[in-house]
1. How much of the calculated P(r) for the protein assembly as shown lies past 42 Å, in percent of all Cα pairs?
2. Kindly work out what percent of the DSSP beta bridges joining two residues of the protein assembly as shown are antiparallel, to the nearest 5.
3. Given an 8 Å cut-off on Cα distances and at least 6 residues of separation, report the relative contact order of chain B as a percent.
4. Quick check: the distance between the Cα centres of the range C:143-173 and the range A:97-142, to the nearest angstrom?
5. Calculate for the protein assembly as shown the 222 nm mean residue ellipticity that helices alone would give, adding -39,500 (n - 2.57) per DSSP H run of length 4 or more and normalising by residue count, nearest 500 deg cm²/dmol.
6. Straight-line reach from B:Lys185: which aspartates and glutamates fall under 15 Å, measuring Cα to Cα and dropping same-chain residues less than 8 apart?
7. Taking every residue in B:98-108, how many Cβ atoms of other protein chains lie within 10 Å of its Cβ, on average?
8. Whole-Hz ³J(HN,Hα) for each residue in the range B:168-181, computed from phi via Karplus 6.51 cos²θ - 1.76 cosθ + 1.60 with θ = phi - 60°, x for glycine and proline: what do you get?
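What follows is calculated from the coordinates using simple rules that are stated; it is not laboratory data. Everything quoted here is computed from the prediction, not taken from an experiment. For neighbour counting, all protein chains shown are included, and Cβ atoms are generated from backbone atoms with ideal geometry for every residue, glycine included.
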Amino acid sequence: MSTITDSMNTINSLEEMAEGDTIIHRLHPMVKLITTMLYLVLVISFNPYNITGLMVFAFYPVILMALAEIPYKPLLKRLLVALPFSFFAGLSNIIFNQQLALMIGPMPVSYGFISFTSIMVKTIFTVMAVLILIATTSLPKISYQLLSIKVPKIIVEQIMLTYRYISVLLEQVSNMYTAYILRAPASKGIKMKDMGIFVGQLLLKSFDRAESIYVAMKCRGYDGNYLYAKPSPIQKGDWLFLVLVSGILCLMRFFDLSLFIGSFL
Amino acid sequence: MLEIEKLNYAYPDGHQAIRDINLKIEEGESIALVGANGAGKSSLFKLIIGISEIKEGSIKVEELSVGKKTLKDIRRKVGMVFQNPDDQLFMTKVYDDIAFGPRNELLTEEEVETRVVNALEQLGITHLRDRMPHRLSGGEKRVIAIASVLAMNPRVILFDEPTSFLDPQARRNVINTLDSLKMTKIIATHDLDMALDICDRVIILHHGSVFADGTVKDILLDENLLSQCHLELPLCMQKPRVR
Amino acid sequence: MHMADALVSPAVGGIMLAASAGAIAYSAYKCKDDLDEKKIPLMGVMGAVIFAGQMINFTIPGTGSSGHIGGGILLAALLGPFPAFLTLTAVLLIQALFFADGGLLALGANIWNLGFYACLLVYPFVFKPIVKKALTPTRISVASVVSVILALTLGAISVVIQTLASGITELPMATFMGMMIPIHLAIGLVEGIVTGGILVFIYKMRPELLESSMDNKKLPKNLSIQKVLGVLLVFAIVVGGGLSLLASSNPDGLEWSMENVAGTAELETSGNAYDSAANIQESTAFLPDYGFKSTDGEGSAAGTSVSGIIGAGITLVLAGGTGYLIYAVKRRKEKTA
């Protein structure tokens, strides 16, 4: 089924990107996590009518993608999937606020339209920033960092375990689904009345699997405590990147480049 | 080094899985444990590693008898490689997975690394060190599962169907890996050709008890004996049937 | 429904992150005490099951449309409330990172909307009491349907409140609620029936799997759990209701303070839009001094001049050009190397 293959492909391609070796990939994961969060906060802190100031923030994803040599196509594809909800949330603004803001030549532009644009631009920027983070830093690396910011260990374990078994389960579901559809060719999906058994079987198998995993862990001395290596320290270069990028981002927040350029026109 | 005496075991639902097994296994032996599905191979393994509780009879590993109090030490002596490597490898990095056992022994991180590196080198898979297990092939996962057990320096390793679901080349690779391990091995398998290749003793389980126990030649070439327990001659010993 | 980063304000995102972090910390603390170590791998696998299970489309009879399973109530019934909440948190984080479902700032809101209500509120206070008397297929089904509907509706109401409190959409509250709640009642009914079907199947095949999470062995502690949950409930109401009031009277704290500090807004308000911005009608506002409508010119009109918009276009082209340049330089280096 397409959603399953689709998500397998998405995960695969992002994982492959994260295996790259560029200046961005080599940065300390903590540094990337912090700059990403800062970027997100700054982007969404913009007033809904200020789209010119927002535009400067396009530099961040574009430059990072170029430096990290991330192909833009798969990221844009993912972005398209994320857009519709924002689109509808924003659409209402066009309907409910038709107050005239300005004229571009003969074309009237309403406040609603401006805030709509703002939502869409923010969506693009925030989604890209998160995708760039995961495309340059593998999930295990990010999870390790969570330990050092005092996220409870059990959560980190769960993230790692779930992540480990997603591909196994996706494959299992896709096989079961194919087997079902082959015997119910007219059906567009699993019939609702069969869902109990379908997912139920999946759950039973998974209980057994979890049991085996537990036994395998036990065999290697597990006693309820998961142990990890200490994450590597932040290097000088990482600090430099952090300070530099944070500084530039903050500067961008206060300096409206678009208006500056516009003032020469 | 491994002694099993008068072992009986029944599951809670009453199914008698093991019936009066007596076995003596010497240091360094390579044993194939064969038998039809449900003959009791997995049940026996579960008892040896102390996952199922022994109610009747005893199992001793190097004079240490398997029981609740000795579990920690038993599991250091006995390693087990599971049939499905996805059950065994649950970490997100190969290195961490192999390090899981040593870390549980509370070794320092340097000692852990030595163990991991040794295991990787011994099996010739150093290049897989930083990969994610779920992105590897079935054969690679099998070998890493073996490495994860090897890193615990066990005295005896139990293998559950080590060659199932593998393509011929990966299977050959796993067989060579098994052959290179010099500690005591007990391999539960349907792959009698592999048994012929790398084992020196074969034990047939049938309905929970030992049906036959002898050298590879004595057992694997005895067509009559094999067919009695729903097995057949190794493929390489069968007459070719080409149409 | 996942909230997206772009739809929350820093204040709302931050407060929801804090609220969810509190619930996570408490759950982790509870699990530390009385979690069977066996459950650790089980939780991980169940997280993956929910992740994969959500991609199974099933056909809804008579409608021609399709649905998919949620997970909160299902997980809670199989793992118990606290482990279920932690498991769902892990799933939501992975979805946020890989699928841009939600985002990192909105993660707190999503954990709260999709996990907290189902696992920590509805399950212990609605689902469990219904099946406590007798674990029968009928009771399991009824409990599932009621619980899922309730959890989803609570989640939907939260989405509305969080979105409005963030001052992102200009949809009046009544309209927004009127859109969200009926949809989620319907989704909840379908999802509840399916969840019930799954749980009844498990109950018939391996009843011990359900009961083990049902018969909280540490029941003497139940009183304290309820107390804490009561506190959390009050907190939820405070967060939901109080926060929206707070946020709407000061639409965007960070924005406001930044403009103050930087003092750039004045420079940019020379555009012709300034005046019109000042007398925006208040008729559509759901609260008199809500969000957009009360922006006193500060920043709101910034950049809504034509020259500003052209400047924005040039900025974008510049950004794109920079990226292209880096690509080009890198490629050239590779060739020469």
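1. In whole percent, the share of Cα-Cα pairs in the protein assembly as shown beyond 42 Å is 41.
2. 55
3. Value for chain B: 26 percent.
4. Taking the Cα centre of each part, the range C:143-173 and the range A:97-142 sit 23 Å apart.
5. -19000 deg cm²/dmol
6. Reachable aspartates and glutamates: B:Glu3, B:Glu26, B:Glu27, B:Glu29, B:Glu62, B:Asp160, B:Glu161, B:Asp197, B:Asp200.
7. Mean shielding count: 4.
8. x, 6, 5, 4, 4, 4, 5, 4, 4, 4, 4, 5, 6, 7
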